[in-house]
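In what follows, a structure is listed as structure tokens, so that the remarks can point back to it.
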Amino acid sequence: MSVQKSKGKVQEVEIGKGEKAIKIGGENVIPFYDFDGDIGNSPKLGIEILDVYPEDWVDSLKELYKDVADNPVEWAKFVEKEIKPDFICLRFKGADPNELDKSPEECAEVAKAVAEAISLPLVIAGTNNHEKDAKLFEKVAPAVQGHNCLFLSATEENYKAVGAGVALAYDHKLGAESSVDINLAKQLNVLLTQLGVKGEDIVMNVGNSAVGYGFEYLVSTVDRIRLALFNQNDKTLQMPIITPVSFETWNVKESMADENDVPEWGSREDRGISMEISTAASVITVGSNAVVLRHPKSLEVMKKFVSELH
């Protein structure tokens with residue numbers, strides 16, 4: 001059998017500390033092509049929690065988390081003990097200026113308490129307001145120093161503040177978020193490394209969408225990034241990729257439409273899980289090294305998917 005040799009290799013990045021720390025990346029072939037080379041570390045699966053009560057989540061999840069959803073620390077401990085993902089993603093929805101506009105200082109206290117309460121690696125996601133996230137991460141990063149967290153994400157608008165305040169000052173890992181374009185992903189990686197952030201401290205977040213919503217652009221972007229690395233050894237694209245799948249899949253009409261409005265669509269919960277699994281499986285198959293999920297059933301299916309393919 002003919003074997004295709006790769007010129008490049010995905011950088012291995014470690015998140016977390018101790019026995020539960022995870023490594024992502026490390027492959028020098030396209031996903032699961034173990035007959036062509038080293039497939040590196042298995043894709044890692046995280047579960048999303050919020051800093052506020054999840055008002056708009058499906059009823060079954062609110063029921064599952066009813067005793068802990070008002071307290072991010074207890075919520076994180078519950079997820080670690082009962083649901084057992086590879087990592088936890090704490091998303092600061094309450095800090096959003098359009099939500100409760102919580103102060104960076106308050107969020108820093110929450111992040112510190114969560115990081116100290118769990119042994120799983122912690123991924124910290126902001127509000128998607130680039131200006132607020134820069135201020136938020138500046139306070140959260142020192143509060144969780146020593147826990148080797150991954151922060152999502154630095155963008156072209158705030159990369160200087162986030163890069164300096166997260167990776168350079170406190171040795172955390174940094175997500176480089178671009179908008180579904182290989183050249184934008186490359187440019188942001190170059191800007192961050194010129195700032196002084198080490199390549200091995202960067203994880204790319206190259207965009208996110210649910211299947212059926214421009215998803216082919218995301219898939220082709222991830223594919224092009226990986227092929228540019230493997231075939232041309234493009235060092236500016238050697239970082240592993242994380243995709244926060246749940247941030248998008250639960251916000252599309254198929255996952256949100258009320259059962260009374262579209263009874264023929266069936267259970268809202270089942271629809272959301274299907275969107276999440278379809279998206280996660282597809283993006284892992286094309287090259288994402290880690291995904292964030294919301295529903296425990298999605299995690300269960302994806303664990304089986306990864307274990308049988310890797």
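Just so you know, all these numbers are worked out from the coordinates, no wet-lab data involved. Because the structure is predicted, anything quoted here is derived from the model rather than measured. We place every Cβ from the backbone using ideal geometry, glycine too, and count neighbours over all the protein chains shown.
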Where both partners of a DSSP beta bridge lie in the chain, what percent of those bridges are antiparallel, to the nearest 5?
10 percent
Descending packing, highest mean Cβ count within 10 Å first, for 168-174, 254-260, 90-96 is 90-96, 168-174, 254-260
Simple spin-label model, 7 Å along Cα-to-Cβ: residue 181 to residue 109 in nm?
4.2 nm
With 10 angstrom as the radius, rank 298, 119 by how many other C-beta atoms surround their C-beta, starting from the fewest.
119, 298
With a cap of 12 neighbouring Cβ atoms within 10 Å, and only residues DSSP puts in a loop, list the trypsin sites (Lys or Arg not before Pro) found in the range 2-46.
5, 7
Cα-projected label distance for residue 233 with residue 5, points at 7 Å along beta-carbon direction, nm
1.1 nm
Pairwise centroid distance, computed over Cα atoms, of the range 49-101 with the range 113-161, Å
16 Å
For the pair residue 81/residue 267, report the inter-label distance in nm, with labels modelled 7 Å from Cα in the Cβ direction.
2.6 nm
Can you figure out the FRET efficiency of residue 169 with residue 223, using R₀ = 41 Å and their beta-carbon distance, to the nearest 0.05?
0.75
Working out 0.36 nm times the residue gap between residue 256 and residue 145, then minus their Cα-Cα distance, what length gain in nm do you get to one decimal?
36.2 nm
In terms of Cα to Cα distance under 15 Å, which aspartates and glutamates are near enough to residue 20, apart from those fewer than 8 places away along the same chain?
80, 86, 116
Using per-residue counts of other Cβ atoms within 10 Å, averaged over each peptide, order 49-59, 270-280, 180-190, 126-136 from highest down.
270-280, 126-136, 180-190, 49-59
What residues qualify as long-range amide H neighbours of residue 12, i.e. H under 5 Å apart, gap of 5 or more or another chain, H built at 1.01 Å from N?
26
Alpha-carbon centroid distance for the pair the range 1-21 / the range 179-253, whole angstrom:
16 Å
